[in-house]
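Below: one structure, written as C-alpha cells.
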Amino acid sequence: MRIHQEGAIHLTFCALLTSAAVLLGTTVAKAGTPPPLTSEQGVVAADHELASRVGASVLANGGNAMDAAAATALALGVVSPLSSGIGGGGFALVYDAEAGETRAFDFRESAPEALTPESFLVDGEPDASLAQRGGLAVGVPGEVAGLSHLVETFGNLPFSQSVAPPCRLAHAGFSLGWFVATQAGPFADRVSDPDSLAGWLYDDGEPARRGDHVRRPRLARTLHYLGRYGPEAFYEGPIGRDIVDTVQSDGGVMTMDDLANYEVIEREPVTGSYRDYEIASMPLPSSGGLVILKALGILEAYEDATGFSFADEPPGSSAPMHILAEALKHAFADRARYLGDADEARAVAERFLDPDRYAELAERIDPERVLLPERYGDQDLEAAAGVQPDDRGTSHFCVIDGEGNAVSLTTTINHYYGAKLVGEKSGVVLNNEIDDFAVEPGAENLFGLVQAAANVVGPGKRPLSSMSPTLVFEDGELVGCFGGSGGPRIISNTLQGFLNVFARGMDAAEAVSTPRIHHQWSPDELVVEDPPRDVAQALSARGHDIDLSTYITAVQAVVVREDGTREAASDPRKGGLPAAEPDRRGAGGEGDR
Ligand code: GLY
C-alpha cells in the first residue's frame, strides 16, 4: 500500500474536534449485493461509502438529517474532491417533519460582481475556454454558507459537530475509492498546482490506486478553522483570502467583498404530480425540477390519452424508452429556449408547468417515429436554441432521519476538479461553475453548445443548473428522496429513478441500478445504456440516433415504505454505498441487506 498526502503539514487539530469515531457504529451496505439497505432508523445514501458513514455517524450522535447532510457534503469534498467540495455550491430540498413543510435552499455559486460577458472577450471574440479553467471560471462558492445555514436553521447540533468528522477523515486519511482512483490518472494531471492537489494523488508521476491510503492535511487544517471559527473563516477570513488570492493570480476578478456578500437564497420549491404522487423539486436557477415535472406531466398526459401504460412495459423494451425520450425532448427543448437566472425566465416558469400544455405536447408524440427537432416544446416563442454543458462532476445524496426529516442535496464544483485551481494554502478545489452560463448570447461553449439569452453571465447571477434534488409524497407523507449527478443527465436519470420505484414497483437498489436512457433534445441523440441489439434497432427504426458513449451518472435514492422502513441505495455506477444509523433501541443494531 502506498501513502499519499498533500504537502507535509503535520496536524493534530481535528482529532481534538472529534469525540466519536467517524467510521464506527454505522451499518454499511456490502458492495455488489443487489438489495437496498433497509432500516427503521435514519439512513444516508451518498455516492461514496465513507461519506454515507460520516452522515450516519452524525445521526448516531444525536444529529438530525440536516446535521448529517452538512457532514455528508463536507465528507464528499474530502474523499471525492473531483466532484464537489467547499469550493463549490449546491441545492438542498429539505423536509421538516415537525412543521410538515418542504423548503428549498439555493447555495449555488454566483458570478463575481465584476464578471460580465466582456470578461471573456479575447481580441473582441468570446473565448468560452476562459469559463472552463482558471480564475475567470470560478463562481463565488456557496457550499459553506448553505451547509451552515441548514444546520443553523434546523440542526440539533452546532455546525462544528458536522465539520469534525470530515476534518478527521482529511487529517487521518482514508482508503482511495475506485471511482476517484480511476479518474485520478486522466484528470489529476490537469490541475494547476501539483504540489497541493495532485500531490496526494500522484507519487513520482504515478497516479494513486484504489486502496492507497491518502491524506489531505491542508484541507484538514481548513476544515479545522471552519469548525472552530464558523463560516466567517471562509467568507471573511483566511480561507476566503486564500481563495481570492488564488483566483486573482490566475486572471479572475473575485474579491473579498464578493465572498462577504454571498447569500443563501430560500426559494419556493416547484411542485407537480405523477399519478398518486406529489413531487417537490428545485426551482430556478435549477432547470432540474421544471424539466422533471414537465416530462412527467407529458408522460402522464400521453398515457391518459392513449392507454399506453409505462408501468406495464418491460423496462428494457424500446416502446417506453421511445415515449420517455419524446417527453424529455419536449421538456428539454423548452429548457434551452427559456430558462436561466433571470426575471424573464421566472415569468415563463409558470407557463412551463401548465397542464394544458402537457396534453398538447403529448398529442404530438408519435409512438412509431421521432419528430423534426423544431416540433418539440413550446412553439409560441422563438427558439433561442441550445443545450447544456456536458459536465460530469457533481454528487447527490439523500438523508432521512429517524424522525422523518429529509434532505435531498446535490452539490458540485462542476467539471472534474472544477477550474483546475486549488487554494495554495487552503487545499480548496475551486469550481468552474461559470461554464454553466453562456458567456455571450449565441456564443458557443467548449462543447459547441449555445444557450438561452436568460442564461448569459452577469454580475451576481447564478448559472442555470441541472441539479435536481427531489422529494416525493403520497397523501402528504414523505415516501421518497431522489437525485443524481452527471450534468443534464441528472434530470433524466433522477426522473427514471422515481419512475422505477413509483411506476414500476422496483425497490430502491434496482431503481438506481437498472439501465437508463437520456435525451436532451439537442444534440439530437438518444443515449441508451447497454441496449440489446434488437432494442437499439427498434429505436433506430423510429428515427433515433443512438449514442452508446456513456459517462458516469449516479442516482441515489431513499424510499420510505408503508411500515416506515427506509430503503436506501447508492448507484453502483460510482461504487457508492449507503449507511444506516445504528438501532438505538439496542435491538439488532444493524440495517439489513
Ligand atoms: N454543474 C452541474 C449543474 O449545475 O448542473
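The values are calculated or read from the model by the stated rules, or taken from the named source; none is laboratory data. Bear in mind the structure is a predicted one, so any value in this text is a computation, not a measurement. Note that we place each Cβ from the backbone using ideal geometry, even for glycine, and neighbour counts take in every protein chain shown. These accessible areas exclude ligands, DNA and RNA; they are computed on the full protein's heavy atoms, side chains included. Shrake-Rupley method; radii C 1.70, N 1.55, O 1.52, S 1.80 Å.
At-a-glance table
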item: Those GluC sites (Glu not before Pro) in the stretch 90-139 that DSSP places in a loop and that have at most 16 other beta carbons within 10 Å; result: 98, 113
item: Accessible-area order (highest first, 1.4 angstrom probe) of the listed residues 253, 94; result: 253, 94
item: Area of residue 415 that stays accessible when all protein chains are in place (1.4 Å probe, Å², to 10); result: 20
item: For residue 265, solvent-accessible area (1.4 Å; no DNA, RNA or ligand), Å²; result: 50
item: Rounded to the nearest 10 Å², the accessible area of residue 241 at probe 1.4 Å; result: 110
item: Qualifying lysines (Cα of each under 25 Å from Cα of residue 461; at least 8 residues distant if same chain); result: 294, 420
